[in-house]
2 protein chains.
Amino acid sequence: MSLDPKIADRLKRSGDGLVPAVVQQHDTGEVLMLAWMDDEALHRTLTTGRATYWSRSRGEYWVKGETSGNVQFVRHAALDCDGDTILLKVDQRGPACHTGTRTCFDDDVLPVIEGS
Amino acid sequence: MSLDPKIADRLKRSGDGLVPAVVQQHDTGEVLMLAWMDDEALHRTLTTGRATYWSRSRGEYWVKGETSGNVQFVRHAALDCDGDTILLKVDQRGPACHTGTRTCFDDDVLPVIEGS
């Protein structure tokens, strides 16, 4: 079994065959992290309800939380208008970030002039 | 003037020199879109408060809303734990998507088995 061809046809991958997935906590709206998927990772995610990514650093599939226990139960998935980004709304158990913070965006705030 | 070297040193770019930016409505938490930045786009975003991206399709800088009027006023910016993703919280005027929908993720929902 592989990714539904009707979905695969709409997917626009980068040169490396990957698509970025934005991961958001389904109820609070927090953006937790960004990860990468190929067709197989998306297939596994949609058919198991457990967020599964392609690890670019380790070169392997990665069920989020498999070792840490900080699992992501998928509640909603969508493709964007260009088919080149995935949005996952999940129920995150424990911290999403490997540093132990709730999200991967908690620690490095950049100075910005407020637009108007 | 270019991007603050203290920020540039922490930025991990893809092979094409770009970093994905997740764009979120600051008050409702909606994920509006994903776009791409190089160092100069990030510099312009942080120093003008107007979200500015690198258009991969047109090969040029792109101040969001410059032609459509659907501007993004930046309220918050952060780098993730790996320095390879940017999160922008913005005040979006009008629809974020060029198709006229509020977000780029409104129209193509994928079927998913709920995880448990």
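Going by the conditions given, is A:Thr67 among the hydroxyl-bearing types (Ser, Thr, Tyr) and more than 7 Å from every other protein chain (Cβ to nearest Cβ)? Let's see the steps before the verdict.
On the way: among the hydroxyl-bearing types (Ser, Thr, Tyr): yes; more than 7 Å from every other protein chain (Cβ to nearest Cβ): yes.
For A:Thr67, the condition - among the hydroxyl-bearing types (Ser, Thr, Tyr) and more than 7 Å from every other protein chain (Cβ to nearest Cβ) - is met.
Going by what's in this entry, would A:Val74 be described as within 15 Å of the chain's Cα centre (by Cα) and more than 7 Å from chain B (Cβ to nearest Cβ)?
On the way: within 15 Å of the chain's Cα centre (by Cα): yes; more than 7 Å from chain B (Cβ to nearest Cβ): no.
Spelling it out, it is not the case that A:Val74 is within 15 Å of the chain's Cα centre (by Cα) and more than 7 Å from chain B (Cβ to nearest Cβ).
Write out, first by first residue and then by second, each pair whose Cβ atoms fall under 6 Å of each other, whose residues are 6+ apart or on separate chains, and whose first residue, in region A:12-25, is within 8 Å of chain B (Cβ to nearest Cβ) while the second is buried (at least 22 other Cβ atoms within 10 Å of the Cβ) and in a loop (DSSP other than H, G, I, E, B).
That search, which allows pairs on different chains as well, returns A:Pro20/A:Thr85.
Restricting the first residue to region A:100-116 and requiring it to be more than 7 Å from chain B (Cβ to nearest Cβ), which pairs with a second residue that is among the acidic types (Asp, Glu) meet a Cβ separation below 8 Å and a spacing of at least six or different chains?
A:Thr101/A:Asp107; A:Arg102/A:Glu30; A:Thr103/A:Glu30
If we keep just the residues of region A:26-55 that are of a type in the set (Ser, Thr, Tyr) and without any contact (Cβ under 8 Å) to a residue 24 or more places away in the chain, which is farthest from the other protein chains (Cβ to nearest Cβ)?
Keep residues of region A:26-55 that are of a type in the set (Ser, Thr, Tyr), which gives A:28, A:45, A:47-48, A:52-53, A:55.
Add one more test, that the residue is without any contact (Cβ under 8 Å) to a residue 24 or more places away in the chain, and what stays is A:28, A:48, A:52, A:55.
Details: A:Thr28: 7, A:Thr48: 7, A:Thr52: 10, A:Ser55: 12 Å.
Here the answer is A:Ser55.
Residue-by-condition table, conditions (1) in contact with a Pro (Cβ under 8 Å, 6 or more places away or on another chain); (2) at pLDDT 95 or above; (3) surrounded by fewer than 18 Cβ atoms within 10 Å (Cβ to Cβ); (4) of a type in the set (D, E, K, R):
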{"residue": "B:Ala8", "(1), (2), (3), (4)": "no, yes, yes, no"}
{"residue": "B:His26", "(1), (2), (3), (4)": "no, yes, yes, no"}
{"residue": "B:Ala41", "(1), (2), (3), (4)": "no, yes, no, no"}
{"residue": "B:Arg50", "(1), (2), (3), (4)": "no, yes, no, yes"}
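Tell me, which residue of region A:77-97 that is more than 7 Å from chain B (Cβ to nearest Cβ) and free of Cβ contacts under 8 Å to residues at least 60 places away in the same chain is surrounded by the fewest Cβ atoms within 10 Å (Cβ to Cβ)?
A:Gly94
I'm told A:Val63 meets every condition in (1) surrounded by fewer than 18 Cβ atoms within 10 Å (Cβ to Cβ); (2) within 25 Å of B:Ala78 (Cα to Cα); (3) of a type in the set (A, V, I, L, M, F, W, C) except one. Can you identify the failing condition by its number?
With respect to (1) surrounded by fewer than 18 Cβ atoms within 10 Å (Cβ to Cβ); (2) within 25 Å of B:Ala78 (Cα to Cα); (3) of a type in the set (A, V, I, L, M, F, W, C), A:Val63 is out only on (2).
Need the failing condition index for B:Arg58 against (1) within 11 Å of another protein chain (Cβ to nearest Cβ); (2) surrounded by fewer than 17 Cβ atoms within 10 Å (Cβ to Cβ), just the number.
(1)
If you check B:Asp16, B:Asp84, which single one turns out to be under 15 Å from the mean Cα position of the chain (by Cα) and among the acidic types (Asp, Glu)? Break it down into steps so the answer makes sense when it comes.
Working: B:Asp16 fails: under 15 Å from the mean Cα position of the chain (by Cα).
The conditions single out B:Asp84.
The values are calculated or read from the model by the stated rules, or taken from the named source; none is laboratory data. For clarity, every value in this text was computed on a predicted model and none was experimentally measured. Note: ideal-geometry Cβ built from the backbone for every residue, glycine included; neighbour counts use all protein chains shown.
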